[in-house]
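Asks: Before I ask anything, let me first share the structure, which is written out below as structure tokens.
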Amino acid sequence: MLDLISKDFIFMLVGGLGFFFFGMRTMSEGLKKIAGEKLKLFLHKVTQHPFIGVLVGAFVTCLIQSSSATTVMVVGFVNAGLLTLSQSISVVMGANIGTTFTAWLVSSMSIFKISSYALPCVGIGFAIMTLAKSKEKQSFGQVLLGFGLLFIGLHYMKDAFGPLKDSEVLKTTFVTFSDNPILGVLAGILFTVLLQSSSATIAIVQVLAFNGVIGFSAAIPIILGDNIGTTITAQMAAVGTNLNARRTAMSHTLFNVLGTVWILLFVYLGWFERFVDFIVPGEITLKNIMFHIAIAHSSFNIVNTLIFIPLIGLLEKTSIYLVPKKADSVDFGTQYLERHLLETPPLALEQTENEIIYMLNIARKAVNHAIDSYQNNDLSKIAKVTELEEVTDNLQSEITQYIIDLSQRELSTDASRKLPVFIHNVNDIERVGDHSRDLVELIKRKIDNKLPFSDTANSELQNLFREIQQMTDDTIMALKNTDQHIAQNIIDREERINRLQDQFKQNHINRLHKGTCNLRSGFLFLEIIDNLEKIGDRWTNIAQSVLGEMKWELKIVTKGELSKTP
């Protein structure tokens, strides 16, 4: 076999894989540009029912030609709080079905000789990309270009594998996969992990089969292993994400591993092969074996999905068990808002207040982590602040929508006055999350560039840190207990912070004149104290709402839209 692995084989295989991957990525990016943000909105809106979620996952994956891209997108949506864990599981199931479209595309090569049109597709696609004026037409050209490159890659791979059909060693190896499917599954996992593309693995298996190197019985376990190997992409995408995003990746792995385990029994008994023969009866030849592999790939994923749709709840619970919540983990979703309570406005109003307090505590964590990152030169806090900022963004959206829905019920005069103030508070808390994120980005610049701060500047910042942290704690107490005395202290503290800001800026100018301050460090120092002052402003706004100084009218313009008038 080593004699057959020549320089030409290696060059054609590596080049073919390069064309295949580049074509797949080019086509995927073009399709995503055509779909645009509407695709994301669509994915979020129509996944309320598991069966619809499966259809959406399959459709999106067919559209963008990458189950990995769909899964990564889903993990991102869960990370941003746009999808729940159970919603994400159904979409991932659908992605497994959608990714089999590539196998059908590849099998068409043997039936319709599509590779003959690959070069014209590349030329025409590139021309459209270059000459078209509208972005939509340019994206269409990109899709056509990617389509052509993909089939050029397949053509080179087919030619590369052609001589291997004479290798008795290779044939014996694949016969072993037929006799021992577990080895075939392991090979499929290894290929897919190395290539980082389930589509590429299936394409290689189809091309090997088309060249007579591998039989249908040996291809089946590799297909099963391919479905396990592709889950590594979701696991990689989930690194550094929130709890539910990591659980989504785990549910993807569970779904594919469990599906492979139970189907292996039918593979050992020969029933799965007979099932494919039942769907497409007749002798398997070199001309139609790619088609049979596509059937097997689709059959496995469709049947597996149909079996697990009723078990989504079990997958969810198992994922939660396998990815437990750590002490410092933060849930992205709301904690107190329940839709059924909207029919009882007083209870819904009380829960909204509790949710705002919860959001306020999240913002306090963000502020404290930002300060800790400066005091301890700790870059690990930066990622945590970014996560907390995303939590406040999501909570702002969820609480605001809940308030809008609540405002459409019959409310007392006092309740009606509270709602716009609640929205005002939620917006201020969300902005504190933004300022905390901006703070850690400034602190990261200081640490990365090793910018020195003078002892005086450090002391001034520590003074401001103490003021802001005390102000943050007081804001929670004032809002939680409607304590007007504490609220007034917050306003007094904000005036003190403003005076300190002016004083520290003047001190900074004096240090610059004396040459005791690094210029770049000085700019960073000013930005840090400005962000701290802005946090104080937001807490002051909430204190004013507690004192009853923020009286707003709430007017519903259209469903889902607010107008606030002071």
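The values are calculated or read from the model by the stated rules, or taken from the named source; none is laboratory data. In this text, all values refer to a predicted model and were calculated from it rather than measured experimentally. Neighbour counts are summed over all protein chains in view; Cβ atoms, including those assigned to glycine, are modelled from backbone coordinates with ideal geometry.
Asks: If I filter segment 496-506 for residues that are farther than 14 Å from Ala543 by Cα, in contact with a Ser or Thr (Cβ under 8 Å, 6 or more places away or on another chain) and either assigned by TED's automatic domain parsing to the domain that holds Val546 or of a type outside the set (D, E, K, R) (or both), do I get at least one hit?
Replies: No, every residue in segment 496-506 fails to be farther than 14 Å from Ala543 by Cα, in contact with a Ser or Thr (Cβ under 8 Å, 6 or more places away or on another chain) and either assigned by TED's automatic domain parsing to the domain that holds Val546 or of a type outside the set (D, E, K, R) (or both).
Asks: Tell me, which residue of segment 106-152 that is at pLDDT 80 or above and in a loop (DSSP other than H, G, I, E, B) is surrounded by the fewest Cβ atoms within 10 Å (Cβ to Cβ)?
Replies: Residue satisfying both the conditions and the ranking: Lys133.
Asks: Before we move on, is Thr233 under 24 Å from the mean Cα position of the chain (by Cα), assigned by TED's automatic domain parsing to the domain that holds Phe101, modelled with pLDDT under 80 and not in a helix (DSSP H, G or I)?
Replies: No; evaluated as a whole, the condition is false for this residue.
Asks: So, of the residues in segment 331-386 that are touching a Gly at 6+ places or on another chain (Cβ under 7 Å) and at pLDDT 90 or above, which turns out to be nearest to Val426 (Cα to Cα)?
Replies: Ala363
Asks: Can you tell me which residue in segment 210-228 is nearest to Tyr268 (Cα to Cα), limited to those that are surrounded by fewer than 24 Cβ atoms within 10 Å (Cβ to Cβ) and hydrophobic (A, V, I, L, M, F, W, C)?
Replies: Once the filter is applied, the top-ranked residue is Phe216.
Asks: Here's a follow-up. Hey, among Asn377, Asn354, which residue is at positive phi, in the same structural domain as Phe465 (by TED's automatic domain parsing) and touching a residue at least 12 places away in the same chain (Cβ under 8 Å)?
Replies: Within the list Asn377, Asn354, the selection yields Asn377.
Asks: OK, next. Please work out which residue is farthest from Leu532 (Cα to Cα), limiting yourself to segment 445-476 and to residues that are among the basic types (Lys, Arg) and free of Cβ contacts under 8 Å to residues at least 24 places away in the same chain.
Replies: Restricting to residues being among the basic types (Lys, Arg) and free of Cβ contacts under 8 Å to residues at least 24 places away in the same chain, the top hit is Lys450.
Asks: So, of the residues in segment 6-16 that are at pLDDT below 75 and surrounded by 15 or more Cβ atoms within 10 Å (Cβ to Cβ), which turns out to be nearest to Leu144 (Cα to Cα)?
Replies: Leu13
Asks: Output yes when any residue across segment 446-459 is over 28 Å from Glu350 (Cα atoms), out of contact with any His (no Cβ under 8 Å at 6 or more places or on another chain), among the aromatic types (Phe, Trp, Tyr) and in the same structural domain as Leu347 (by TED's automatic domain parsing), and no when none is.
Replies: The answer is yes, given that some residue of segment 446-459 is over 28 Å from Glu350 (Cα atoms), out of contact with any His (no Cβ under 8 Å at 6 or more places or on another chain), among the aromatic types (Phe, Trp, Tyr) and in the same structural domain as Leu347 (by TED's automatic domain parsing).
Asks: Does Thr253 satisfy the condition of being in contact with a Ser or Thr (Cβ under 6 Å, 6 or more places away or on another chain), modelled with pLDDT under 80 and either in the same structural domain as Thr386 (by TED's automatic domain parsing) or within 30 Å of Leu13 (Cβ to Cβ) (or both)?
Replies: no
Asks: Another question about this same structure. Is at least one residue of segment 416-428 β-branched (Val, Ile, Thr), assigned by TED's automatic domain parsing to the domain that holds Thr472 and within 17 Å of Leu347 (Cα to Cα)?
Replies: no
Asks: Going by the conditions given, is Leu451 closer than 21 Å to His369 by Cα and not in a helix (DSSP H, G or I)?
Replies: yes
Asks: Cβ-Cβ below 7 Å, separation at least six or inter-chain, first residue in segment 478-492 and in a helix (DSSP H, G or I), second surrounded by 13 or more Cβ atoms within 10 Å (Cβ to Cβ) and acidic (Asp, Glu): which pairs?
Replies: Pairs found: Ile486/Asp474; Asn489/Asp474; Ile490/Asp474.
Asks: Being in contact with a Leu (Cβ under 8 Å, 6 or more places away or on another chain) and in a helix (DSSP H, G or I): is that true of Thr305 here?
Replies: Judged against the criteria, Thr305 is not a match.
Asks: Here's another thing I want to ask about it. With respect to Gln501, is the statement that it is surrounded by 14 or more Cβ atoms within 10 Å (Cβ to Cβ), at pLDDT 85 or above and closer than 19 Å to Tyr374 by Cα true?
Replies: yes
Asks: Continuing with the same structure: Kindly indicate whether Ala457 is in a helix (DSSP H, G or I), surrounded by 19 or more Cβ atoms within 10 Å (Cβ to Cβ), over 37 Å from the mean Cα position of the chain (by Cα) and not charged (D, E, K, R).
Replies: Answer is yes for this residue.
Asks: Mind checking whether some residue in segment 363-377 is closer than 25 Å to Arg437 by Cβ, basic (Lys, Arg) and under 30 Å from the mean Cα position of the chain (by Cα)?
Replies: yes
Asks: Of these, Glu353, Glu343, Glu410, Glu430, which one is within 28 Å of the chain's Cα centre (by Cα) and among the charged types (D, E, K, R)?
Replies: Selected residue: Glu430, the only one of Glu353, Glu343, Glu410, Glu430 that is within 28 Å of the chain's Cα centre (by Cα) and among the charged types (D, E, K, R).
Asks: Being modelled with pLDDT under 80 and out of contact with any strand residue (DSSP E or B) (no Cβ under 9 Å at 6 or more places or on another chain) narrows it down to one of Thr305, Thr318, Thr241, so name that one.
Replies: Result: Thr241 is the single residue among Thr305, Thr318, Thr241 that is modelled with pLDDT under 80 and out of contact with any strand residue (DSSP E or B) (no Cβ under 9 Å at 6 or more places or on another chain).
Asks: List the number of the failed condition for Arg409; all other conditions in (1) basic (Lys, Arg); (2) farther than 21 Å from Asn541 by Cα; (3) part of a helix (DSSP H, G or I) hold.
Replies: Arg409 satisfies all of (1) basic (Lys, Arg); (2) farther than 21 Å from Asn541 by Cα; (3) part of a helix (DSSP H, G or I) except (3).
Asks: In this structure, is Glu338 surrounded by fewer than 17 Cβ atoms within 10 Å (Cβ to Cβ), free of Cβ contacts under 8 Å to residues at least 60 places away in the same chain, of a type in the set (D, E, K, R) and farther than 30 Å from His435 by Cβ?
Replies: yes
Asks: Just one of the numbered conditions (1) assigned by TED's automatic domain parsing to the domain that holds Ile476; (2) buried (at least 16 other Cβ atoms within 10 Å of the Cβ) is not true of Ser299; which one?
Replies: Unmet for Ser299, out of (1) assigned by TED's automatic domain parsing to the domain that holds Ile476; (2) buried (at least 16 other Cβ atoms within 10 Å of the Cβ): (1).
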